[in-house]
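Trainee: Before I ask anything, here is the structure I am working with.
The values are calculated or read from the model by the stated rules, or taken from the named source; none is laboratory data. As the structure is a prediction and not an experimental result, all values here were calculated from the model. Virtual Cβ from ideal backbone geometry, glycine too; neighbours counted across all protein chains shown.
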Amino acid sequence: MWKNVGYYNGELGALEEMKVPMGERTLYFGDGIYEATLAANRVIFALEDHLDRMYNSLRLLEIPFQMDRDQVKAELQKVVDMAEEAPAYFVYWQVSRGCAPRNHPFPKDAQPTLMAYVKPYTLKSMDKPYKLISQEDIRFQLCNIKTLNLIPSVLANQRAVERGCDEAVLHRGSRVTECAHSNISMLKDGVFRTAPTDELILPGITRKHLIQLCGELGIPVEEKPFTMVQLMNADEVIVSSSSAMCMKAESIDGIPVGGKDPERLKLLQKSYLEKFHRETGTK
């Protein structure tokens, strides 16, 4: 067993010692897709949801991945099972178009590859609010695919870090899309408002779960575009992701936001954490 476990096409080992071939198209083109979630009690959280999105991303990028769902689940479970005991784990995996000499068109004979890793993870406290910055969304219009092409998101998050913040809110003109590596939603007048799942945002798994929880809790949901002005005037600003779950934002560009509907926000946070513990068999 290892603290940080790596996996590449059936081979397992310490993450720090794993190697990939120089022909990997991920190295030259970012030609692949990825997924990430948490695990606890050696149970991978929301795995079926992540596999649904994974296979849709593969379809949209025309990557002929032959491994079926049960095979992928079995391989990922092997990686989790080889990790040293920990309260929780971060689970990452990606599928590439394969290995071939560098050339832009799809290689004819390459076989898609599966790479994964698992490492210990400490659940983030949802009591500590995020500080955000805003930036123009300069990404391409394939944001509904969880592609490995992440440079604009890397740059946006770096700007946030440089300003002592946690995330960057992206917008195209006045329309808010999402964050650098999270979805963004809001509570306004008792309604959970979130952007529609078009080509400008990733269909986030946590976003999906929050919509489902709103249905269970009797909170109305509205899926339509909103502006930066509307976000700044929200009762609560919610940043959601698989690793951070449901985080409150307290400021954008140094201007205070939210703080006007704490009870409804706390209810969503509590319900989400309960969902995680229930489905992983913890607590």
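Trainee: How many residues does region 228-267 contain that are farther than 18 Å from Lys131 by Cβ, touching a residue at least 60 places away in the same chain (Cβ under 8 Å) and not basic (Lys, Arg)?
Mentor: Residues in region 228-267 being farther than 18 Å from Lys131 by Cβ, touching a residue at least 60 places away in the same chain (Cβ under 8 Å) and not basic (Lys, Arg): 2 in total.
Trainee: What pairs come out if I take residues in region 104-120 that are more than 17 Å from Leu58 (Cα to Cα) and pair them with residues that are part of a loop (DSSP other than H, G, I, E, B) and modelled with pLDDT of 95 or more whose C-beta lies under 6 Å away, six or more apart or interchain?
Mentor: As it stands, the answer is Lys119/Asn4; Pro120/Ala86, since those pairs meet every condition given.
Trainee: How do the pairs read when you match residues in region 208-225 that are in a helix (DSSP H, G or I) with residues anywhere that are of a type in the set (A, V, I, L, M, F, W, C) and surrounded by fewer than 16 Cβ atoms within 10 Å (Cβ to Cβ), using Cβ under 6 Å and keeping only pairs 6 or more apart or on different chains?
Mentor: Within 6 Å, the pairs are Ile211/Val221; Cys214/Val221.
Trainee: A further question follows. With the requirement that a residue be in contact (Cβ under 8 Å) with a residue 24 or more places away in the chain and either of a type in the set (Ser, Thr, Tyr) or closer than 20 Å to Arg59 by Cα (or both), what does region 121-132 give you?
Mentor: Once the filter is applied, which keeps residues that are in contact (Cβ under 8 Å) with a residue 24 or more places away in the chain and either of a type in the set (Ser, Thr, Tyr) or closer than 20 Å to Arg59 by Cα (or both), region 121-132 yields Tyr121, Thr122, Tyr130.
Trainee: Taking region 118-136 as the search range and keeping residues that are in contact with a Gly (Cβ under 9 Å, 6 or more places away or on another chain) and surrounded by 14 or more Cβ atoms within 10 Å (Cβ to Cβ), which one is nearest to Glu199 (Cα to Cα)?
Mentor: Looking at residues that are in contact with a Gly (Cβ under 9 Å, 6 or more places away or on another chain) and surrounded by 14 or more Cβ atoms within 10 Å (Cβ to Cβ), I get Ile133.
Trainee: Scan region 41-90 residue by residue and report those that are in contact with an Asp or Glu (Cβ under 9 Å, 6 or more places away or on another chain) and in a strand (DSSP E or B).
Mentor: Val43
This table checks each residue for (1) closer than 18 Å to Leu60 by Cβ; (2) touching a residue at least 60 places away in the same chain (Cβ under 8 Å); (3) over 15 Å from the mean Cα position of the chain (by Cα).
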position: Ser134; (1), (2), (3): no, yes, yes
position: Ile145; (1), (2), (3): yes, yes, no
position: Leu150; (1), (2), (3): yes, yes, no
position: Leu155; (1), (2), (3): no, no, yes
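Trainee: Testing Lys266 on (1) outside any loop (DSSP other than H, G, I, E, B); (2) within 30 Å of Ile33 (Cβ to Cβ), one condition comes back false. Which one is that?
Mentor: Checking Lys266 against (1) outside any loop (DSSP other than H, G, I, E, B); (2) within 30 Å of Ile33 (Cβ to Cβ), the one that fails is (2).
Trainee: Answer yes if at least one residue in region 96-119 is outside any strand (DSSP E or B) and of a type in the set (Ser, Thr, Tyr), and no otherwise. Step through it out loud before you land on a result.
Mentor: Of region 96-119, the ones outside any strand (DSSP E or B) are 97-98, 100-112.
With the extra rule that they be of a type in the set (Ser, Thr, Tyr), the set shrinks to none.
Within region 96-119, not a single residue is outside any strand (DSSP E or B) and of a type in the set (Ser, Thr, Tyr).
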